[in-house]
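One structure is given here, and the rest of the page talks about it.
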Amino acid sequence: MLDFVIKRVIQVGIVVLLALTVVFFLIRLSGDPTPLFLPPDAPREQIDEYRSKLGFDRPLLVQYGEFMKNAVQGDFGNSLRSKEDALGMVLQRLPATFQLAISALVLSLLISIPLGVLSAFKRNSIFDRIAVALTVIGQAIPSFWFGLLLIFIFAAQLKVLPSGGGGSIVHMILPTLTLAAYSIARFTRFTRSTMLDVLRKDFIRTAKASGVPTPRLIARYALKNSLIPIITLVALDLGTLLGGAVITEVVFSWPGIGRLLLQSLLNRDFPIVLAGVFIIALIYAVINFVADLLYAFVNPQIRVR
Amino acid sequence: MTIEIPEQPGSSRPAVTPGKQSKLAFLWSSLLHSWTGMTGFIIILLLLFLSLFGQWIAPFDPMHAEFSKKLLPPMTDGHLLGTDQLGRDILSRMIAGARISVIIGVMTVLIAGTFGTVVGIVSGYFRGWLDVVLMRIVDVQLSFPFILLVLVINAIIGTGLKNIILSLAIGGWVIFARVVRSEVLALREKEFITASVATGVPRIQILFKHILPNLFTPIIILSSLQIATYIIAEASVSFLGFGVQPPNPAWGNMLSEGKDYIFSSWWLITFPGVAIMITALGVNFFGDWLRDTLDPELKGE
Amino acid sequence: MMEKPLLEIQNLHVEFKSGKEVVRPIRGIDLKVNRRETVGIVGESGCGKSVTSLTVMGLLPEKTGRIADGSILFDGTELTALPEKAYRKIRGNDISMIFQEPMTSLNPVFTIGEQLSEPLRQHRKMGKKEIRETIISTLKQVGLPRAEQIIDEYPHQLSGGMRQRVMISLALLCQPKLMIADEPTTALDVTIQAQILELLKAIRGSNDMSLMLITHDLGVVAEMCDRVIVMYAGEIVEEAGVEAIFDRPLHPYTQGLMQSLPSNNERKGKLFSIKGQVPKPSEIGKGCAFANRCPHAFDRCFAEAPPVFSEAGHQSKCWLLDPVSKEGSRDESSIPIRS
């Protein structure tokens, strides 16, 4: 067990370091960052002076070494605009993103698993057909457009919900729905096909032959078997959810890291971009690690003894 | 060899190799029996048609702004789908946008597919330390959300049509590398390959004679499904202010510009979104049908 | 006056619907299983023997399969019209079943104890402790060592033979009146096959229970059964006591099965096999289903389906046994009778 954890922690470290490395070199290779620190009309001498002051005239590898040394200690430098600590700014936005992502995840699981189970159980019924059609459409709608539609219907036309901003439960409804829509479609479809697969298995016939009633057969037996592949898919999709959160945050002016990251990209405020990439890669790697643990927990065959 | 028109180099054309008439006939009859496959096929044909001949079909110049005619609702003054905030015809801009989406989807698949396939073959066929290194890179990249990766890369290397294609390709090649590698690994174990190796056929020759032709089907299937992903990703990135820049009429762009008028002019944010959705549905329908027909074992998720 | 049979199937027809096509895997069978009797059902794969057992269990695929005609009388209850809820009270309680694949028939994500507690939970009013004790004692009864540990283990921790013992104990838990074993040893190693058969025989002997053994292996039948039913293409072609059938098989199909037994071939040096293939349901015409493969078939066999001919409890569906057609066409020497 300890071996497994240590191995995965090392893996998480490698993923995060590599992500930082790639983004660092991409930024440096895309142009000299010095002018970004100065007003656009700064004279050449001032730029040159600043360049050596900031160390951008040193060899790239030396800069990289120093950046990594600081980064591991949590120092990504200060924002070029607000001069605040970059990592601090990102961390400050983190709770809002978590709030959105977790509520969307919970909502999509609460809807999609019962829906998928029911759909599989009532295969080829009207209910099933409608559910399948909705999942197909749901996966083809770009989430930002779905967000716009929701704003149009509930904020512009019905005027019952706010179109953006953060703070209260009411503000969360539309962003959560937007972010959850794709996951709901995908998880429902996957739960349905996994359930259908499990219901054909020999051990389900065995349980039937033992006299287990159908509701119990589904709720206790088939569902637990289906959970293993479902957990895997959910874990794989958390990245998509995180990516979707960025877009959703922009659509609804939600004050999370996604919006911060986008603003920093637009302003070429690279310390914040690097800190943001660091945090997102870290979160994602940790989520995958947790998913693996969960996976081992529900599947006795790979339980580490 | 015919000269291909640059706008549609990835159309289903390569599937037609001489002497495979019967396979074509089989595909066609299977298409006739699948309403989703047929719907997808028709949508794809329509997209290709619009991207090739759109400039002659469009009722107005998609770039022509006429301020006096701004924000006209649909069905007024000959503007079937209305006009935008600068008085440009929305239908014409959407037709022009179809061309951008097709170019981006197809070019990205070509670049990402080629690069990923080469990496996959090198990894799977020659194995060794190179395989270990390449697959580690693939793992790391897959552990970062695709859309964020594309966004960050695009923001750093710059916007525009070429750069968004490049960004999508950088984000997308890993899927091809991984799928092709596992196909190659499976093929290596097949009897006809083992037999060729045993009779002393050179490895390069086996690669070209036996491995490559067998990779064709999985790559075509994956490509068709990936195109939808790329088109949606481009729309998202353009919507966020990167990717294709205004005044170019990419669908994502049009939605981005239209969202400021969401409280007054619903048509600005409605039609381009419908176009993206129908395109994604059509490409997915077609890709699913292709997968179910060419590779029944893969059916389902 | 003879005791009433435990299970009595009359004129059973089963249909499967796939799309617009209707397949009839069971086409009018009559069979009975007496109390404390072991009945073997033999035949090639696809002859309908497994469908028969699933029909008795009421486990035909819900949407596609149905009983088209006939009756199944079990211990005084008519099963064909039984509502699902009442059927569930019988399954795993009065009738239980052992399946062919012990590797896949147990759920991989539940412990043995969790799975074995199910029939008791459904059919007996027992406390947790009592359930556990019953399971442990049943596991011991089927010859599993370390029953106290195995109850908390997962299927993948057990070998194939052990899993089949677990399956047998699952079927045994509620002391059923009828146990159906569908090819219980086919998936196992030869050495373990014998042990499992011994176990089934011992269990049959020590319980007030009937056993319906479905197999393609005549060796197993000879070893285990009191009475044998031979099925071919959804019909019963021959039925007799185990000695009668081995001494004097009447139906050409049964004769073919006997000849293909390896022990009969050892001296000849060449394996015997019945020529041709089982006809697809769509290919069965109005005549005898076996006619196209039968070495003795004559005109009438292709024109008319044979009825059951019976002498002293030995029944067979073959025109060769018809006293009328016997005269002209029967070639006595062609029916090999074992000495």
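The values are calculated or read from the model by the stated rules, or taken from the named source; none is laboratory data. Since this is a predicted model, take the numbers as computed values, not measurements. Cβ sites come from the backbone with ideal geometry, for glycine too, and all protein chains shown count toward neighbours. For accessibility, only protein heavy atoms count, side chains too; no ligands or nucleic acids. Shrake-Rupley method; radii C 1.70, N 1.55, O 1.52, S 1.80 Å.
Go through B:224, B:196, B:236, B:256 for me and flag whichever is over 30 Å from residue B:100 (Cα atoms), touching a helix residue (DSSP H, G or I) at 6+ places or on another chain (Cβ under 7 Å) and among the polar types (S, T, N, Q). Can you show your working first?
Values: B:224 fails: over 30 Å from residue B:100 (Cα atoms); B:236 fails: over 30 Å from residue B:100 (Cα atoms); B:256 fails: over 30 Å from residue B:100 (Cα atoms).
Answer to the selection: B:196.
Go through segment A:120-132 and give me each residue that's in a helix (DSSP H, G or I) and either open to solvent by 30 Å² or more (accessible area, probe 1.4 Å) or more than 14 Å from chain B (Cβ to nearest Cβ) (or both). Let's see the steps before the verdict.
Of the residues in segment A:120-132, the ones in a helix (DSSP H, G or I) are A:120-121, A:126-132.
Scanning segment A:120-132 gives A:121, A:126, A:127, A:128, A:129, A:130, A:131, A:132.
Pick out the one residue from B:262, B:211 that is over 28 Å from residue B:80 (Cβ atoms), open to solvent by less than 30 Å² (accessible area, probe 1.4 Å) and among the β-branched types (Val, Ile, Thr). Quick ask: steps written out before the conclusion?
Values: B:262 fails: over 28 Å from residue B:80 (Cβ atoms).
Answer to the selection: B:211.
From the list C:168, C:245, C:203, exactly one residue is buried (at least 23 other Cβ atoms within 10 Å of the Cβ) and outside the structural domain of residue C:316 (by TED's automatic domain parsing). Which is it? If you could, list the steps in order and put the result at the bottom.
Numbers: C:245 fails: outside the structural domain of residue C:316 (by TED's automatic domain parsing); C:203 fails: buried (at least 23 other Cβ atoms within 10 Å of the Cβ).
Only one candidate qualifies: C:168.
Could you identify the single residue in C:99, C:110 that is within 13 Å of another protein chain (Cβ to nearest Cβ) and under 26 Å from residue C:30 (Cβ atoms)?
On the way: C:110 fails: under 26 Å from residue C:30 (Cβ atoms).
The unique qualifying residue is C:99.
Of the residues A:183, A:143, A:193, only one is crowded, with 22+ Cβ neighbours inside 10 Å and in contact with an Asp or Glu (Cβ under 9 Å, 6 or more places away or on another chain); which?
On the way: A:143 fails: in contact with an Asp or Glu (Cβ under 9 Å, 6 or more places away or on another chain); A:193 fails: crowded, with 22+ Cβ neighbours inside 10 Å.
Exactly one of A:183, A:143, A:193 is crowded, with 22+ Cβ neighbours inside 10 Å and in contact with an Asp or Glu (Cβ under 9 Å, 6 or more places away or on another chain), namely A:183.
Determine, yes or no, whether residue C:59 is open to solvent by 10 Å² or more (accessible area, probe 1.4 Å) and within 14 Å of chain A (Cβ to nearest Cβ). Give the steps one after another, and end with the answer.
On the way: open to solvent by 10 Å² or more (accessible area, probe 1.4 Å): yes; within 14 Å of chain A (Cβ to nearest Cβ): yes.
Judged against the criteria, residue C:59 is a match.
Of the residues that sit in segment C:171-184 and are open to solvent by 10 Å² or more (accessible area, probe 1.4 Å) and more than 11 Å from chain A (Cβ to nearest Cβ), which one is nearest to residue C:106 (Cα to Cα)?
In this case the residue turns out to be C:183.
Within segment B:222-264, restricting attention to residues that are β-branched (Val, Ile, Thr) and under 20 Å from residue B:281 (Cα atoms), which residue is nearest to the other protein chains (Cβ to nearest Cβ)?
First, the residues of segment B:222-264 that are β-branched (Val, Ile, Thr): B:227, B:229, B:231-232, B:237, B:244, B:262.
Then drop every residue that is not under 20 Å from residue B:281 (Cα atoms), which leaves B:227, B:229, B:231-232, B:237.
On the way: B:227: 13, B:229: 10, B:231: 9, B:232: 5, B:237: 9 Å.
The extreme case among them is B:232.
Considering only segment A:133-162, how many residues are outside any loop (DSSP other than H, G, I, E, B), touching a Ser or Thr at 6+ places or on another chain (Cβ under 7 Å) and facing chain B (nearest Cβ under 7 Å)?
Start the filter on segment A:133-162 by keeping residues that are outside any loop (DSSP other than H, G, I, E, B), which leaves A:133-140, A:143-157.
Cutting the leftovers down to touching a Ser or Thr at 6+ places or on another chain (Cβ under 7 Å) gives us A:135, A:143-144, A:146-147, A:150-151, A:155.
Adding the requirement that they be facing chain B (nearest Cβ under 7 Å) leaves A:144, A:151.
Qualifying residue count, segment A:133-162: 2.
Of all the residues that make up segment B:79-136, how many are among the β-branched types (Val, Ile, Thr), within 14 Å of the chain's Cα centre (by Cα) and farther than 30 Å from residue B:210 by Cα? Please lay out each step first, then the result.
As a first pass, look at segment B:79-136 and keep what is among the β-branched types (Val, Ile, Thr): B:83, B:90, B:95, B:100, B:102-104, B:106, B:108-109, B:111, B:114, B:117-119, B:121-122, B:132-133.
Keeping just the survivors that are within 14 Å of the chain's Cα centre (by Cα) gives B:100, B:102-104, B:106, B:108-109, B:111, B:114.
Filter once more, keeping what is farther than 30 Å from residue B:210 by Cα: B:100, B:102-104.
Of the residues in segment B:79-136, 4 are among the β-branched types (Val, Ile, Thr), within 14 Å of the chain's Cα centre (by Cα) and farther than 30 Å from residue B:210 by Cα.
Being touching a residue at least 60 places away in the same chain (Cβ under 8 Å) and open to solvent by less than 60 Å² (accessible area, probe 1.4 Å) is the filter here, so list the residues in segment A:33-61 that pass it.
A:33
Would you be able to tell me the number of residues in segment A:219-241 that are farther than 13 Å from residue A:298 by Cβ and either more than 13 Å from chain C (Cβ to nearest Cβ) or touching a Gly at 6+ places or on another chain (Cβ under 6 Å) (or both)?
Residues in segment A:219-241 being farther than 13 Å from residue A:298 by Cβ and either more than 13 Å from chain C (Cβ to nearest Cβ) or touching a Gly at 6+ places or on another chain (Cβ under 6 Å) (or both): 8 in total.
What residue, among those in segment C:309-335 that are open to solvent by 80 Å² or more (accessible area, probe 1.4 Å) and part of a loop (DSSP other than H, G, I, E, B), is modelled with the highest pLDDT?
Filtering segment C:309-335 for residues that are open to solvent by 80 Å² or more (accessible area, probe 1.4 Å) and part of a loop (DSSP other than H, G, I, E, B), the one modelled with the highest pLDDT comes out as C:312.
Could you check residue B:120 against (1) under 30 Å from residue B:59 (Cα atoms); (2) of a type outside the set (Val, Ile, Thr); (3) at pLDDT 90 or above and say which number it fails?
The number of the failed condition is (1).
Tell me, which residue of segment B:158-178 that is of a type in the set (Val, Ile, Thr) and buried (at least 20 other Cβ atoms within 10 Å of the Cβ) is farthest from the other protein chains (Cβ to nearest Cβ)? Explain how you work it out, then say what you get.
Quick first cut of segment B:158-178, residues of a type in the set (Val, Ile, Thr) only: B:159, B:164-165, B:170, B:174-175.
Okay, now just the ones that are also buried (at least 20 other Cβ atoms within 10 Å of the Cβ), so B:164-165, B:170, B:174-175.
Working: B:164: 14, B:165: 17, B:170: 10, B:174: 13, B:175: 12 Å.
The residue in question is B:165.
State which residue pairs qualify: first residue in a helix (DSSP H, G or I) and inside segment B:55-83, second residue open to solvent by less than 90 Å² (accessible area, probe 1.4 Å) in any location, beta carbons under 6 Å apart, and separation of 6 or more residues or different chains.
Cβ pairs passing all conditions: B:67/B:87; B:69/B:83; B:69/B:87.
Tell me which of these residue B:247 doesn't satisfy, since it passes every other one: (1) surrounded by fewer than 20 Cβ atoms within 10 Å (Cβ to Cβ); (2) without any contact (Cβ under 8 Å) to a residue 24 or more places away in the chain.
(2)
Would you check if there is a residue in segment A:252-262 being polar (S, T, N, Q), away from chain B (no Cβ under 12 Å) and part of a loop (DSSP other than H, G, I, E, B)?
For segment A:252-262, residues polar (S, T, N, Q), away from chain B (no Cβ under 12 Å) and part of a loop (DSSP other than H, G, I, E, B): absent.
Among (1) out of contact with any Phe, Trp or Tyr (no Cβ under 8 Å at 6 or more places or on another chain); (2) farther than 24 Å from residue C:246 by Cβ, where does residue C:33 come up short?
(2)
If residue A:170 passes every condition in (1) crowded, with 16+ Cβ neighbours inside 10 Å; (2) more than 8 Å from chain B (Cβ to nearest Cβ) but one, which one does it miss?
(1) is the only condition that residue A:170 fails.
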